[in-house]
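Colleague: Quick one: structure below, then a few questions.
The values are calculated or read from the model by the stated rules, or taken from the named source; none is laboratory data. Values in this document were obtained by computation on a predicted structure and should not be read as measured data. Methodologically, a virtual Cβ is constructed for each residue, glycine included, from the backbone with ideal geometry; neighbour enumeration extends over all protein chains shown.
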Ligand code: NAI
Ligand code: MG
């Protein structure tokens, strides 16, 4: 049977960018004999409107069964007044938590045609292709004790950085596995100089590294890593780091390469019975209420998220590359959605116009 894909378009521009992904999925079925069993469901505000919850139990169950989940975006001003427990974001958090997606992959990749968009010099970013692996389910965002407590005559805010060996081991393994399929380099970032969790992190990553003798492992303090990311990011291949440092480093690395409309992500968990990892793919951007419903959204982040699904869930690395090349061609031809405009005199294409151009480039590939 065909590999299965659950599509959750969500809110705002989510359904708009996902419509373009669906056309590309259809193209793979028609032209490459690569058919998927696609089902579609609600998440976020759209699910709340229909069911009074941002993620229905049936949808959660479906997400656990399929080979991969592809999500658009959730949220919007309409839902800001909702109670915390039913906010759109809770739908996404529930997916990540119940699927136990501990390894968050954030590529920072620079398409040459967009190198001028970077906040850095062109030669620093042109051709950049690095991957930040962020631990997503543990660390200081989850550790206990946490809270705001009375202490003497004032209050104290407490969060706890906590990592078990097995939590470090599994995310480290996913980073080394990735490196084996890429440039065979892993740089692990922590603060072993001032944090015990960092000392343990370094020990465990070093131990895991012994299982991957082909991969060159280095360690860097996360603050020095931040400097190096801005100074000469091409020195890196895969960076593996904890939840907090990964949050900061991946956002910083994202801006090396330009627009939010271009950034995909993957969140992976443990292998399922069929050997594929539990997986959720989604663009980094949100529901962009300021441009929703206007056909202005850039669908590339969501399309690149599908390319990641091809590569990491469906073992179709060559087809993922075909799709990324098509995007590169289109950008090199000067096709731009409004968020990518820089040059004078270029007329932006719509969301579906960008989809058209990418499909044409795929046809020509
Ligand atoms: P956002 O990412 O939705 O938008 C930030 C800015 O980038 C806006 O000016 C938007 O127009 C632009 N932008 C984003 N994606 C774009 C695209 N594909 N093409 C062109 N321009 C794009 O972040 P914001 O405004 O902070 O949040 C809006 C809503 O989205 C909120 O409800 C927030 O909670 C939610 N959100 C959801 C996320 C998710 O579903 N994973 C992540 C971040 C925010
Ligand atoms: Mg962040």
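Colleague: Kindly evaluate residue 309 against the criterion of being outside any loop (DSSP other than H, G, I, E, B), buried (at least 18 other Cβ atoms within 10 Å of the Cβ) and without any contact (Cβ under 8 Å) to a residue 60 or more places away in the chain.
Modeller: Taking the combined requirement at face value, the residue does not satisfy it.
Colleague: Now for a separate question. State the number of residues belonging to the range 235-269 that are modelled with pLDDT of 95 or more and more than 12 Å from ligand 2 (Cβ to nearest atom).
Modeller: Counting residues in the range 235-269 that are modelled with pLDDT of 95 or more and more than 12 Å from ligand 2 (Cβ to nearest atom) gives 13.
Colleague: Select the strands (runs of 3 or more DSSP E) contained entirely in the range 60-171, then report the ones holding at least 1 residues which are loosely packed, with under 14 Cβ neighbours inside 10 Å.
Modeller: 143-151, 154-160
Colleague: Given the condition crowded, with 22+ Cβ neighbours inside 10 Å and part of a helix (DSSP H, G or I), answer yes or no: does some residue in the range 285-294 qualify? Spell out the reasoning first.
Modeller: Residues of the range 285-294 that are crowded, with 22+ Cβ neighbours inside 10 Å, as a first pass: 285, 287-288.
Next, from what is left, pick out any that are part of a helix (DSSP H, G or I): none.
For the range 285-294, residues crowded, with 22+ Cβ neighbours inside 10 Å and part of a helix (DSSP H, G or I): absent.
Colleague: Answer yes if at least one residue in the range 31-40 is out of contact with any helix residue (DSSP H, G or I) (no Cβ under 8 Å at 6 or more places or on another chain) and in a helix (DSSP H, G or I), and no otherwise.
Modeller: Among the residues of the range 31-40, not one is out of contact with any helix residue (DSSP H, G or I) (no Cβ under 8 Å at 6 or more places or on another chain) and in a helix (DSSP H, G or I), which makes the answer no.
Colleague: Kindly provide the set of residues from the range 41-59 that are within 16 Å of ligand 1 (Cβ to nearest atom) and either part of a loop (DSSP other than H, G, I, E, B) or under 20 Å from the mean Cα position of the chain (by Cα) (or both), ordered by number.
Modeller: 41, 42, 43, 44, 54, 55
Colleague: Against the condition more than 16 Å from ligand 1 (Cβ to nearest atom) and assigned by TED's automatic domain parsing to the domain that holds residue 335, how does residue 225 come out, does it pass?
Modeller: So residue 225 fails the test.
Conditions (1) within 11 Å of ligand 1 (Cβ to nearest atom); (2) in the same structural domain as residue 45 (by TED's automatic domain parsing); (3) in contact with a helix residue (DSSP H, G or I) (Cβ under 8 Å, 6 or more places away or on another chain), marked per residue:
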{"residue": "266", "(1), (2), (3)": "no, yes, yes"}
{"residue": "276", "(1), (2), (3)": "no, yes, no"}
{"residue": "281", "(1), (2), (3)": "no, yes, yes"}
{"residue": "286", "(1), (2), (3)": "yes, yes, no"}
{"residue": "292", "(1), (2), (3)": "yes, yes, yes"}
{"residue": "298", "(1), (2), (3)": "yes, yes, yes"}
{"residue": "302", "(1), (2), (3)": "yes, yes, yes"}
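Colleague: So which residues in the range 175-217 are surrounded by fewer than 13 Cβ atoms within 10 Å (Cβ to Cβ) and more than 18 Å from residue 165 (Cα to Cα)?
Modeller: Selection gives 181, 193, 194, 213, 214.
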